[in-house]
Amino acid sequence: MLILGIDTATPQVSVAIGGHEGVLASTLSARGRQHAESLTPAIEFTCRMARVEFREIGVVAVDLGPGLFTGLRVGVSAAKAMALALGLPMIGVPSLDLLAFPVRFTPKRIVAVVDARRGELFYAFYRQVPGGIQRLSAHQVGTADDLASELLASGEDNLLVGDGALRYREAFEGLHKVEILDEALAYPSASSLVSLAHAQALREQFVKPWELTPVYLRKPDAEANWTTREQS
């Protein structure tokens, strides 16, 4: 079963195709907020590189967020449209799970951190388990100081991964038992998405396109700004 993975929840657009043989091809584009313009060419290019026709795809997987509202909406909408057009089931995986997955072999507690803008972060805690990772907390939204306080209170060895940890590096660098990974793993990837979705596909944990719900955690900037204006 071939899986098409689409990830647009952060500043980069990532597409991958794979299955039981692993990831066959992947594409990464970082063009600011031009998610809508980049996604379709990225899907077509990835299919060509994998030598896969659309009719051969069996599942559409997508990053559910949390992340940048506009990018997330572009990816989820495109994934749903493709699944509906091809009559395919879907699998959704949260962006913080995708960040944690590549560092699953560490014995430290993993802290996946996405820059949420507005001076805030999206984050969650994970632990290595046989065969992958286990999320230890709900998805949270807070400031860098909020997260730093949680890290201090834990007393554990923590490994921070994600663009949020890098943007607010000064809030975490002086903390005891805290390590921050570099930019190579700053964003979730469609390759991780395909790997995690494949495990769910084997268990037939599919959803219908109309059942798939993004993880936003808060209102979009435009709605928040309009609410603020109404109250002022």
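The values are calculated or read from the model by the stated rules, or taken from the named source; none is laboratory data. This is a predicted model, so every value here is computed, not measured. Because the Cβ atoms are built from the backbone with ideal geometry, glycine has one as well, and the counts that use them run over all protein chains shown.
Taking region 24-82 as the range and being in contact (Cβ under 8 Å) with a residue 24 or more places away in the chain, among the polar types (S, T, N, Q) and assigned to a helix (DSSP H, G or I) as the test, the residues that pass are S38, T40, T46, T70. Filter region 94-115 down to residues that are in contact with a helix residue (DSSP H, G or I) (Cβ under 8 Å, 6 or more places away or on another chain) and surrounded by fewer than 24 Cβ atoms within 10 Å (Cβ to Cβ) and give me whichever is farthest from L159 (Cα to Cα). By that ranking, first place goes to D115. Only a single criterion out of (1) modelled with pLDDT under 90; (2) in the same structural domain as I57 (by TED's automatic domain parsing) is not satisfied by P209, namely (1). Candidates in region 148-189 are the residues that are under 23 Å from L68 (Cα atoms) and of a type in the set (K, R); of these, the one that is surrounded by the most Cβ atoms within 10 Å (Cβ to Cβ) is R167. Filtering I43, I57, I91 for residues that are assigned by TED's automatic domain parsing to the domain that holds L202 and more than 18 Å from the chain's Cα centre (by Cα) leaves a single hit, I57. Among all positions in region 70-78, there is at least one residue which is outside the structural domain of H139 (by TED's automatic domain parsing), surrounded by fewer than 21 Cβ atoms within 10 Å (Cβ to Cβ) and in contact with a Lys or Arg (Cβ under 9 Å, 6 or more places away or on another chain).
Identify, please: which residue in region 216-226 is in contact with a helix residue (DSSP H, G or I) (Cβ under 8 Å, 6 or more places away or on another chain) and part of a loop (DSSP other than H, G, I, E, B) and is, among those, modelled with the lowest pLDDT?
Step one: of region 216-226, the residues in contact with a helix residue (DSSP H, G or I) (Cβ under 8 Å, 6 or more places away or on another chain) are 216, 218-221.
Keeping just the survivors that are part of a loop (DSSP other than H, G, I, E, B) gives 216, 218-220.
Numbers: Y216: 92, R218: 80, K219: 69, P220: 62.
Within region 216-226, the match that is modelled with the lowest pLDDT is P220.
Is it the case that P66 is within 28 Å of D115 (Cα to Cα), at pLDDT 95 or above, outside the structural domain of G142 (by TED's automatic domain parsing) and surrounded by 14 or more Cβ atoms within 10 Å (Cβ to Cβ)? Reasoning before the result, please.
Numbers: within 28 Å of D115 (Cα to Cα): yes; at pLDDT 95 or above: yes; outside the structural domain of G142 (by TED's automatic domain parsing): yes; surrounded by 14 or more Cβ atoms within 10 Å (Cβ to Cβ): yes.
Yes: the conditions hold for P66.
Scanning region 121-148 for residues that are assigned to a helix (DSSP H, G or I) and farther than 14 Å from Y168 by Cα turns up nothing. Look at (1) in contact with a helix residue (DSSP H, G or I) (Cβ under 6 Å, 6 or more places away or on another chain); (2) closer than 20 Å to A9 by Cα and you find that L175 fails only one, number (2).
Here is a check on your reading of the model: is D182 among the acidic types (D, E) and under 13 Å from V111 (Cβ atoms)?
Numbers: among the acidic types (D, E): yes; under 13 Å from V111 (Cβ atoms): no.
Judged against the criteria, D182 is not a match.
Against the criterion of being modelled with pLDDT of 95 or more, among the hydrophobic types (A, V, I, L, M, F, W, C), surrounded by 16 or more Cβ atoms within 10 Å (Cβ to Cβ) and in the same structural domain as G65 (by TED's automatic domain parsing), L196 qualifies.
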